[in-house]
Amino acid sequence: MIKPVQQRTFVYGAALALAIGCVGAGLSVLHGTATAQQSMVEIPIFEVDPLWPKPLPEEALLGMTIGVSVDDQDNVWIVHRGASTLSNNEKGSTLNPPVSACCKSAPPVIAFNQAGDVVHAWGGPGQGYEWPESMHGVHVDNKGNVWLGGNGAKDSQVLKFTKDGKFLMQSGHYGKNAGSNDPENFGRVAQITVDPKTNEAYVADGYHATRELKQRKLSAR
């Protein structure tokens with residue numbers, strides 16, 4: 001009578017030991033998985049926010065947006081080509097005669113804060129400088145200056161403004177480019193960036209270069 005009881009006890013003990021071993025192995029696997037997951041680098045996921053930016057004031061619309069930069073306050077700066085890239089029903093209030101009560105082109109240079117509000121809006125022809133016929137690059141340097149370029153057929157100039165749109169400097173002149181080796185005039189500027197260490201602006205103007213894409217630099221002072 002004792003022997004069967006001993007056998008059953010042995011079987012129960014073996015089963016319990018096996019169960020404990022399985023649980024331990026499972027916990028070990030879970031711990032290893034968690035450790036591996038913690039050490040993995042997750043790829044960020046980006047989604048379009050359809051409500052950013054907020055509607056522009058005075059029923060203004062953006063044309064072809066062709067340049068973007070971010071300043072030290074995380075404001076997003078853009079340049080766009082405005083009325084020339086809007087259809088008549090998008091700029092009806094500005095036609096002669098007007099064909100609708102809405103809408104019109106927004107200023108060519110706009111800055112949005114993180115909430116999507118317009119914090120700066122300016123640009124266009126003015127005294128003392130030659131505005132590009134077709135906007136392209138925009139760059140806000142470490143001092144808060146806004147650099148602009150254009151890739152119109154005769155755009156050979158780079159412009160520099162304050163954040164509020166006050167004109168500071170022009171380098172090169174509209175319609176004066178004499179070819180790839182012209183030391184004074186650019187050739188349809190694509191992009192600009194300023195090195196904060198050397199205070200020099202690097203300008204890519206390959207749209208009009210006859211031989212190669214060039215980078216030129218000029219003093220940003």
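If I ask for residues that are open to solvent by less than 80 Å² (accessible area, probe 1.4 Å) and assigned to a loop (DSSP other than H, G, I, E, B), which ones from segment 48-73 would you list?
Pro53, Leu56, Leu62, Gly63, Asp71
Quick one: count up the residues across segment 135-154 that are over 18 Å from Pro107 (Cα atoms) and of a type in the set (A, V, I, L, M).
So the count comes out to 1.
Take the residues in segment 104-144 that are polar (S, T, N, Q) and under 17 Å from the mean Cα position of the chain (by Cα), then tell me which one is surrounded by the most Cβ atoms within 10 Å (Cβ to Cβ).
Going through segment 104-144, the residues polar (S, T, N, Q) turn out to be 105, 113-114, 127, 134, 142.
If we keep only those that are under 17 Å from the mean Cα position of the chain (by Cα) as well, we get 113-114, 142.
Details: Asn113: 15, Gln114: 10, Asn142: 13.
Across segment 104-144, the extreme among qualifying residues is Asn113.
Take the residues in segment 181-202 that are over 19 Å from Gly137 (Cβ atoms) and of a type in the set (S, T, N, Q); name whichever of them is surrounded by the fewest Cβ atoms within 10 Å (Cβ to Cβ).
Asn181
Please determine whether any residue of segment 86-94 is closer than 22 Å to Gly137 by Cα, open to solvent by less than 80 Å² (accessible area, probe 1.4 Å) and not hydrophobic (A, V, I, L, M, F, W, C). So that I can check it myself, show each step before the final result.
Narrowing segment 86-94 to residues closer than 22 Å to Gly137 by Cα: 86.
Still in the list and also open to solvent by less than 80 Å² (accessible area, probe 1.4 Å): 86.
When the remaining residues are screened for being not hydrophobic (A, V, I, L, M, F, W, C), the result is none.
Within segment 86-94 (the criterion being closer than 22 Å to Gly137 by Cα, open to solvent by less than 80 Å² (accessible area, probe 1.4 Å) and not hydrophobic (A, V, I, L, M, F, W, C)), the answer is no, since none of the residues qualifies.
For residues that are of a type in the set (A, V, I, L, M, F, W, C) and farther than 16 Å from Ser69 by Cβ, scanning just segment 169-205, find the one that is farthest from the chain's Cα centre (by Cα). Spell out how you get there, then give the answer.
Here is the first cut: in segment 169-205, the residues of a type in the set (A, V, I, L, M, F, W, C) are 169, 178, 186, 189-190, 192, 194, 201, 203-204.
Among the residues that remain, those that are also farther than 16 Å from Ser69 by Cβ are: 169, 178, 186.
Numbers: Met169: 24, Ala178: 32, Phe186: 24 Å.
Ranking the candidates gives Ala178 first.
Name the residues in segment 41-50 that are closer than 29 Å to Gly150 by Cα and more than 16 Å from the chain's Cα centre (by Cα), would you?
Across segment 41-50, the qualifying residue is only Pro50.
Out of all the residues in segment 203-221, is one or more crowded, with 21+ Cβ neighbours inside 10 Å, modelled with pLDDT of 95 or more and not hydroxyl-bearing (Ser, Thr, Tyr)?
No, segment 203-221 has no match at all.
The values are calculated or read from the model by the stated rules, or taken from the named source; none is laboratory data. Computed from a predicted model, the values in this text were never measured in an experiment. Cβ: placed from backbone, ideal geometry, glycine included. Neighbour counts: every protein chain shown. With ligands, DNA and RNA removed, areas are computed over all heavy atoms of the protein, side chains included. Shrake-Rupley method; radii C 1.70, N 1.55, O 1.52, S 1.80 Å.
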